[in-house]
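S.K.: Attaching a single structure in structure tokens format; questions to follow.
A short reminder: the numbers here are calculations on the coordinates, not readings from a lab. Here the structure is a predicted model, which means the values were calculated and not measured. In this analysis, Cβ positions are derived from the backbone assuming ideal geometry, glycine residues included, and neighbour counts consider all displayed protein chains.
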Amino acid sequence: MRSPALRVPRSDGEATRQKLVAAGRLRSDLRIVLEGEHLLLPILPPIAPEIPGDRIEAEFPEGPAGAAPTQYRELVELSEAERAFLPRSFDVIGDIVLIRVPDELASRSAAIGEALLRFVPNARIVGADHGVHGPDRVRRLERIAGAGSWSTRHRENGIEIDVDVERAYFSPRLAREHARVASSVRDGEEVFDLCCGVGPFALAIARDGRARTVWAVDHNPAAIELLVASAARLGRGDRLRPVRADVASFLAEGRPCDRAVLNLPHEGIKYLASVARSVRPAGAIHYYEVVDRTALATRGIGLVRNLEPDGGWRVAEQHAVHPYSSDSDLVAFELHREPARGPT
């Protein structure tokens, strides 16, 4: 439908939209149109001269109340030079939003935070994520918008997980992996979830009810505390065994398992051989590692070679979970151990 319109830069779009709404001049039956670096807003003339924008006519699709922005980037007022550094992705954990703000936009963090707070439904607080650090894998966070604590409840795969993003590790980008690994567990298996963080793998496996026991192991006491709270709500305490320990000391106890999860992308390789020795014949390891894309084709072969002294291992499946950097991915490797050979 053709209508009078205002054409404004995308960086000015939200501010102009609010002025039009306040003045009762934004058409509620037509959708806002994105046109390159400009927004076209359908209007009801006359428009006060103090509202900036090119007065034009344009075609608009019919739709509800001047449709909301489709990207948070539309709500951040930046120069074109700054916009080139603006991240396209962010993480939502419960009512918390986390984003990696590049150094080039450090002075614009508050504007980015406020845009995300307005864009993400039910968002309460926005944090600049400065990465995971230390043996307990905790995030270094900077509050850039909103209020309250870093504690929340995150829902994935039908499970409510207690999370404190400042005290214990959790990534919402692995939801499909949590469900995929849980679905592969067979009846009666003994499972290790090593470096479990707040326990999304362990909770999903325990919830499905096929595993006999799920040992959820992490060195961070805060992670185990949060896992225990989630498990109590899940009602699977008879199958789930939270353990506060580092990987080496837990494996040194000599307890065997049928399946192990090792999600320690930068350091897990130093434990992989020990984990393999804990896995019974016909068992499996779900191993995660950050891999340079140029090395991906041969990385699985290298992992199996590291396990050759124990024999019988193969890569059953591997896939990229998500990009980690411009030239690397977080990759999932599913390693299977051959069944024990019978007497000949």
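S.K.: Within the stretch 266-344, which trypsin sites (Lys or Arg not before Pro) sit in a loop by DSSP and count at most 16 neighbouring Cβ atoms inside 10 Å?
M.R.: On the way: sites: Lys270, Arg277, Arg293, Arg299, Arg305, Arg314, Arg337, Arg341; in loops: Arg341.
Listed in order of number, the matching sites are Arg341.
S.K.: Please work out the ratio of the alpha-carbon Rg of the stretch 123-178 to 2.2 N^0.38 Å and round it to two decimals.
M.R.: Working: Rg = 11.8 Å, N = 56, 2.2 N^0.38 = 10.2 Å.
That works out to 1.17 for the stretch 123-178.
S.K.: From the phi of every residue in the stretch 192-201, what ³J(HN,Hα) in whole Hz does the Karplus formula 6.51 cos²θ - 1.76 cosθ + 1.60 yield, where θ is phi - 60° and glycine or proline is x?
M.R.: 9, 10, 9, 6, 6, x, 7, x, x, 5
S.K.: Which order do the peptides 208-219, 318-329, 111-122 take when ranked by the mean count of other beta-carbon atoms within 10 Å per residue, highest first? Mind showing how you got there, number by number?
M.R.: Numbers: 208-219: 20.8, 318-329: 14.1, 111-122: 17.8.
Ranked from most to least packed, the peptides come out as 208-219, 111-122, 318-329.
S.K.: Any idea what Rg and Dmax come out to for the stretch 2-59 if you just take the C-alpha atoms, in Å?
M.R.: So, for the stretch 2-59, Rg and Dmax equal 9.9, 26 Å respectively.
S.K.: Another question, if that's okay. Can you give the Kirkwood hydrodynamic radius for the stretch 1-132, in Å, rounded to one decimal and based on Cα pairs? If you can, show how the numbers build up before the last one.
M.R.: Working: mean 1/r = 0.0632 Å⁻¹.
Radius from the Kirkwood sum: 15.8 Å.
S.K.: Quick one: putting +1 on the C-beta of Lys and Arg, -1 on the C-beta of Asp and Glu, what dipole do you get for the stretch 227-299 around its Cα centre, in Debye to the nearest 20? Display every interim value, and only then the final one.
M.R.: Numbers: 12 positive and 7 negative charges, 51 e Å.
Using only the charged Cβ atoms, the result is roughly 240 debye.
S.K.: Relative contact order (percent) for the chain, with alpha-carbon contacts under 8 angstrom and 6 or more residues of separation? Could you put the intermediate results ahead of the total?
M.R.: On the way: 695 pairs, mean separation 31.5, N = 344.
Across the chain, relative contact order equals 9 percent.
S.K.: Please report the orientation-averaged projected area of the chain, defined via the convex hull of its C-alpha atoms, in nm². Mind dumping the intermediate values first?
M.R.: Details: hull surface 86.9 nm².
Mean projected area for the chain: 21.7 nm², to one decimal.
S.K.: Can you give me the relative contact order of the stretch 221-333 as a percent, contacts being Cα pairs under 8 Å and 6 or more apart?
M.R.: Working: 129 pairs, mean separation 23.9, N = 113.
It comes to 21 percent, rounded to a whole number.
S.K.: Counting only the backbone N, which residues of the stretch 10-31 are under 16 Å from the spot 7 Å out from the Cα of Glu62 toward its beta-carbon?
M.R.: 27-31
S.K.: Hey, what's the Kirkwood Rh for the stretch 185-344 if you take every pair of different alpha carbons, in angstrom?
M.R.: The Cα-based Kirkwood calculation yields 16.2 Å.
S.K.: Could you grab the relative contact order for the stretch 2-59? Cα pairs under 8 Å, six or more apart, rounded to a whole percent.
M.R.: 55
S.K.: Something else about it: Take the Cα atoms of the stretch 72-148, find their three principal axes, and give me the spread along each one in whole Å, biggest first.
M.R.: 40, 27, 18
S.K.: How would Leu41, Leu330 line up from fewest to most surrounding beta-carbon atoms within 10 angstrom? All intermediate terms of the calculation are to be shown ahead of the outcome.
M.R.: On the way: Leu41 28, Leu330 20.
Listing Leu41, Leu330 from fewest to most nearby Cβ atoms yields Leu330, Leu41.
S.K.: At q = 0.11 Å⁻¹, what is the log10 ratio I(q)/I(0) for the stretch 46-116, with the Debye formula run over Cα points and no solvent?
M.R.: Rounded to two decimals, the profile gives -0.43.
S.K.: Where both residues lie in the chain, what percent of DSSP beta bridges are antiparallel, nearest 5? Could the numbers behind the result be given before it?
M.R.: Details: 51 of 75 bridges.
Bridges in the chain that DSSP calls antiparallel: roughly 70 percent.
S.K.: Still on this structure: Given Cβ point charges of +1 (Lys, Arg) and -1 (Asp, Glu) and nothing else, what value in debye, to the nearest 20, does the dipole of the chain about its Cα centre take?
M.R.: Values: 46 positive and 49 negative charges, 158 e Å.
With Lys and Arg at +1 and Asp and Glu at -1, about 760 debye.
S.K.: If you don't mind, another one. Can you find, among Pro52, Leu30, Leu40, the residue sitting farthest towards the positive end of the charge dipole of the stretch 2-59, where Lys and Arg contribute +1 and Asp and Glu -1 at Cβ?
M.R.: Positive-end residue among those listed: Leu30.
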